[in-house]
1. Those residues that are under 16 Å from residue 259 (Cβ atoms) and outside any loop (DSSP other than H, G, I, E, B), I need them from segment 121-145; list them, please.
2. Of the residues that sit in segment 165-183 and are more than 10 Å from the ligand (Cβ to nearest atom) and assigned to a strand (DSSP E or B), which one is surrounded by the fewest Cβ atoms within 10 Å (Cβ to Cβ)?
3. Those residues that are part of a loop (DSSP other than H, G, I, E, B), touching a strand residue (DSSP E or B) at 6+ places or on another chain (Cβ under 9 Å) and buried (at least 16 other Cβ atoms within 10 Å of the Cβ), I need them from segment 38-68; list them, please.
4. Pick out the one residue from 157, 142 that is touching a helix residue (DSSP H, G or I) at 6+ places or on another chain (Cβ under 9 Å) and away from the ligand (no atom under 15 Å from the Cβ).
5. For segment 169-183, what are the residues that are in contact (Cβ under 8 Å) with a residue 12 or more places away in the chain, more than 17 Å from residue 111 (Cβ to Cβ) and in contact with a strand residue (DSSP E or B) (Cβ under 8 Å, 6 or more places away or on another chain)?
Ligand code: G1P
């Protein structure tokens, strides 16, 4: 068995209710930040981290995600005939040739843990990554968050969860970890609990949507009963996994945009517009104009 992390699981079967009515017809993973859908940012991060097998856990309503990664013959043909090579490359390169995409179905929406368990037959007994596309992690200075975590796991073994500090009144939105001996970036997790109320939270260190997991987590997932929100929680299986193996909290370099929330989505759009070569100047001018016209000052 190789201990290289080659497989990445993308649970994409969620309903996306926070973005209704848009998500009535558009999968939330397909909502674009500037010109690329959220799922593309997560896929690029996984490929940069060295993954070559992308496993999407989807459901019967989420055809758009599979269609997006499929070959678009008619469109490609038209772009080719029109000599639009730049656009053609964009359409063709949503995933590079060495990467394969696999789709598995989550027949019922029973929770994140259940979605990950649906990927078990494809993952087998290798360590693997899980990426939640609505957490957009961006490190403009270099290696993406998953790449940083994979490097750590390849060097030191164990599993790793991306974490960041959140305000004390937000613990009930996250998996919260307790860590022994934090060395600034990495620390071994001693306990983890899903969405605790602030008074019950062991810390304010929250799990964000990147995991590198030992495949033994599947054994625990199979035995996990519904937990917080009546769902089968990945967090509860990880709480079992850390009893027998090392699971580290990893403070990644970079910024997290919570694109599952309206504000995070807008923040990501502003940032990516300002960092976009072609848009940067005009986007900054448009933002300034809007602020001036609305008379908004820094509060
Ligand atoms: C999921 C996990 C939670 C984690 C969060 C990160 O929750 O269950 O532990 O902190 O993702 O975004 P969700 O946001 O799907 O409710």
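1. Across segment 121-145, the qualifying residues are 131, 135, 136, 137, 138, 145.
2. Among those residues, the one meeting the criterion is 180.
3. Correct list: 49, 51, 59, 62.
4. 142
5. Across segment 169-183, the qualifying residues are 170, 171, 176, 177, 178, 179, 182.
Where a number appears in this text, it was derived from the coordinates with a stated rule and is not lab data. Computed from a predicted model, the values in this text were never measured in an experiment. So basically every Cβ, Gly included, is an ideal-geometry build from the backbone, and we count neighbours across all protein chains shown.
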